[in-house]
Each structure stands twice: as C-alpha cells, then as structure tokens.
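First the structure, in the form of structure tokens, and then the observations on it.
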Amino acid sequence: MSHRLENKTYISTGQLLILMFHFLTGNAITINMDSYMQRDTWIIQLVAMILGMVLFRMYCYTAETFPGKPLTTYASELVGHACGTVMGVLYILFFLFLTGGNLRDETELIRISVLEQTPNLVVAFLMVLCVMYVLWLGFEVLARTGQIMLIAVVTVIFVGNVLLILSDSIHLHELTPVMEHGFKSVLHSAIREHLAFPYAEMICFMMFVPHLEKTSQMARTGYAGIIVGGFVLAEAAILNVAVMGTDIAQRSIFPLLSTFGNVQFSEYLQRLDVIVLMTMIVGDFFKIALFFYAAVLGISDIFNLPYRKTLLFVGIIVLLWSQVQTPSMIEHLSLGRLSFIYIHPLFVYIFPLLLFLAALLHRSRVRTRGRSGNFQKTGPS
C-alpha cells in the first residue's frame, strides 16, 4: 500500500466542509423528489437533516476506530478479510452506480435547459473528462476548486433570493396548509427518500479519511455541512412552492430552475435561470467527482493499484453506465426512487450498522485487554 501513499495530499477541515456543501446541494437541489407533498418538502428536508446527523455520527464512530484508514480497509479489519473484501467490492459498485446516475442527472439537466440538440453522450463525455482531469491533478486540487466555486454559488444564491423578493414573486400562502397529510407522512418521506438522498450518501466521505489533516474533526465538520446544506435545501423547497405554486412545482422535473426563471426585475434583468443553471452544474460536478474518487480509491485499496491508473477504467464504466441505464429521464427518475428503497438501504443503513456494531465489539475487546494487561503488570502486592 505504500506506493499509493507516497504522494498523498491532505485537505483542511474547511475544505472538507465546502466539499460536503457542494455534495449535499449537488443534484438534490435540482431534482423533484416529492411530487405529492410539495408544501411539506421543506419540513421533510429539516427532519431528514436531523436524522442525517445521527447517521453520519454512526459512520464517523466506526471510522474513528481505525484512524486514517478508508472504509474498504477498516471493513476488512472488522469483519474479516474475505467478508470485508466482498463488502468493499460491493461499495465500489455502489459508488460507480451513483456516479453514473448523477452523471445522467447532469447531462439531462444541460440537454433540457440549453443544449437540446446535443447528444447526451457528448455532454457526458465532456463532464467525465473534466472530472478525470481534476482528479488526476489530485484530491487537493478538487478541494481548492470547491473553494473558488463556493464564492460563485453563494453569490448566485444571495442575489437570486434578493431578486425574487424585489420582484414580488414569493407568495408564502402557497405553503399552507402545513403538514396536510400529517407528521407521519412527513416522517415516512424523510426516512424513505430524503435521508438516503443526499444525507446517507455521505458514506462516501469515509473513503476520504486518509486525506484529512485532522481526522478527529470529521464528525463536527459533517454536522456543520449537513446543517448548512439542509437549510439550503429547505429554503429551495420553500421557494419552489412559494413562487410557482404546488400544481406547477409538482409537474416540474427541475423545479428550482423554473423558479428562478420567473424572475423578471424590470426589462433589464431577466433569465436569471441561466446563471442558476451554471451553479447547479457546479454542484453536480462535485458530487460526480466525489463518488468517482471514492470508487477509484476503493479499487486502488482492494486491488493494490495506483489510483491514477484506474481513472480511465472507471471513467469508461461511468460514461457507459450513464447512457445505458435507462432510455428516458422519466425512467431514470423511477430507477432512482427504486434505488432508495431496494439498493441504498443495504449500503447506507445495513452495512454501516453491522460495521458500527463490530466497531463497538472491537473497542470493548481492546478496553478489556488493556485492563488485563495493566493488572498483570501491576500484579498483587
């Protein structure tokens, strides 16, 4: 493993926080997930945010048992080499699946919005090429790029909100009645879809532990990222309904894009949706890159390969998967919803819970051995 760690780069907790923000907002801020509960989506996001913090703490507790080691490594140490290797390979496939799915989201967003005549394959190829180039330069380069792009994203969010207010486009009465289906429906939607997407998908950050300057700050940084990202997602959900109303918001595939398309502040400032689209593309780029890098690191760790040699291989797989998984955007969204029910739970709930329990047992054994060793050293007087 030493040949992979010689040129390892480190990122600060601030850079990690920014990457988490881009990851959480990513395509979660663009895709319409609650076509039947639009008014309550902002509440669902806040509930999922709280549950996501609890889940992320469980992830971090397991990772802290083996400081500085990625998920694929400490899985083998907790459940044995054979089972851990199988689990690691399954996680690699899961990350590849998510990378391809997010890439498809990105290409469909661009095709529907600005490049209607451009084939999806061309858009996807250019995106994969950009991701591979940045990751070839190193993880630190991706983190620094995130810092630069954060300025543009925050600026667009602030200006967009101000213009929506000034243009008198926000109608808060559209948000009532609150929780018309009851809190049980809100909790069900939060657990079934919004916890898995995007909060539970932060399991991929357990692959980046070796790159952190202060691994002990992972949990606190995650809490901050989840809170900031959660409030941004909740605010976006409020704007979608308050600006467009529930009927239009339910039918829109990319509701936030339609929301900012309504901004017409005098005759000189219109089509703000084009600028918002650029920030959406930025968020999707980072989410694709992080899943991509998690898969690459997993392959590098399990098969003992330098990660740069696996970039092209992973890039080809992701590109092909993004194009062949479903023939249309509607079927792609249906596949995503099915994944939250049948695929995601295994990797974001079941496996992490098993590893968490194994980590508890491991720590208990270490403490027991420590006490026995101290007793033998001192001995009875």
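The values are calculated or read from the model by the stated rules, or taken from the named source; none is laboratory data. In this text, all values refer to a predicted model and were calculated from it rather than measured experimentally. Quick reminder, even Gly has a Cβ in these numbers, built from the backbone with ideal geometry, and neighbours come from all protein chains shown. Areas reflect the complete protein model, heavy atoms only, side chains present, ligands, DNA and RNA absent. Shrake-Rupley method; radii C 1.70, N 1.55, O 1.52, S 1.80 Å.
At a glance:
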| item | result |
| --- | --- |
| Area of residue 186 that stays accessible when all protein chains are in place (1.4 Å probe, Å², to 10) | 0 |
| Solvent-accessible area of residue 173 with every protein chain in place, 1.4 Å probe, in Å² to the nearest 10 | 120 |
| Solvent-free Debye scattering, log10 I(q)/I(0), computed from the Cα coordinates of the stretch 1-159 at q = 0.12, 0.14, 0.15 Å⁻¹ | -0.78, -1.07, -1.22 |
| Between helix 218-251 and the chain: long-axis angle, C-alpha atoms, 0 to 90°, nearest 10 | 30 |
| Alpha carbon convex hull of the stretch 164-210, projected area averaged over orientations, nm² | 5.9 |
| Relative counts (whole %) of C-alpha pair distances in the chain, using bins that are 10 Å wide | 5, 23, 32, 24, 10, 4, 2, 1, 0, 0 |
| Rg followed by Dmax, in Å, when the stretch 190-336 is reduced to its Cα trace | 18.9, 60 |
| Mean separation of Cα contacts under 8 Å, 6 or more apart, over the residue count of the stretch 183-292: relative contact order % | 15 |
| 3J(HN,Hα) from dihedral phi, the stretch 143-155, Karplus parametrisation 6.51/-1.76/1.60, rounded to Hz, x for glycine, proline | 5, 5, 4, x, 4, 5, 5, 4, 4, 5, 5, 5, 4 |
| Long-range lysine pairs (8 or more apart or interchain), the chain, Cα under 24 Å | 9 |
| Student exercise, the chain dipole from Lys, Arg, Asp, Glu Cβ charges, in Debye to nearest 20 | 1840 |
| Charged-residue dipole, Cβ positions (Lys, Arg, Asp, Glu), the stretch 106-217 about Cα centre, Debye nearest 20 | 280 |
| Scaled radius of gyration (Cα, divided by 2.2 N^0.38 Å) that the stretch 127-269 gives | 1.29 |
